[in-house]
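The values are calculated or read from the model by the stated rules, or taken from the named source; none is laboratory data. As the structure is a prediction and not an experimental result, all values here were calculated from the model. So basically every Cβ, Gly included, is an ideal-geometry build from the backbone, and we count neighbours across all protein chains shown.
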Amino acid sequence: MSSDLLVEDGGKVSLPEDVRERYGLTQDTPVRIIETRGGILLVPLTREPMSAELKRELDEWQSLSTSNIEMFPYDEEGER
């Protein structure tokens with residue numbers, strides 16, 4: 001899934017309704033932001049256990065070696 005979003009005044013970003021519903025994000029749901037070389041990950045901090053699908057996806061991300069980094073456009077200045 002891919003969506004273009006705008007960073008609004010004060011750094012606010014509005015997530016699409018279907019994404020909020022899929023991940024159980026409601027007003028005041030805490031999230032963690034994780035910076036990567038290629039961008040950022042936004043992870044909801046909920047009491048729900050991690051799904052098997054998300055666990056597999058995170059394992060795939062963590063297993064990427066530096067030889068896979070070309071999949072993620074990035075240069076030393078942080079420009080894409």
## Note on the structure
Of the residues in region 45-56, those that are in a helix (DSSP H, G or I) and of a type in the set (G, A, S) come to A52
#### Entry: Tally of residues being of a type in the set (D, E) and more than 19 Å from S2 (Cβ to Cβ) across region 21-63
4
### Message
Among the residues that make up region 51-60, is at least one of them hydrophobic (A, V, I, L, M, F, W, C) and either in contact (Cβ under 8 Å) with a residue 40 or more places away in the chain or in contact with a Leu (Cβ under 8 Å, 6 or more places away or on another chain) (or both)?
### Response
no
### Query
Quick one: which of E48, E35, E17 is surrounded by fewer than 10 Cβ atoms within 10 Å (Cβ to Cβ) and touching a residue at least 24 places away in the same chain (Cβ under 8 Å)?
E48
### Query
In region 8-44, what count of residues is obtained for those that are in a loop (DSSP other than H, G, I, E, B), in contact with a strand residue (DSSP E or B) (Cβ under 7 Å, 6 or more places away or on another chain) and at pLDDT below 85?
2
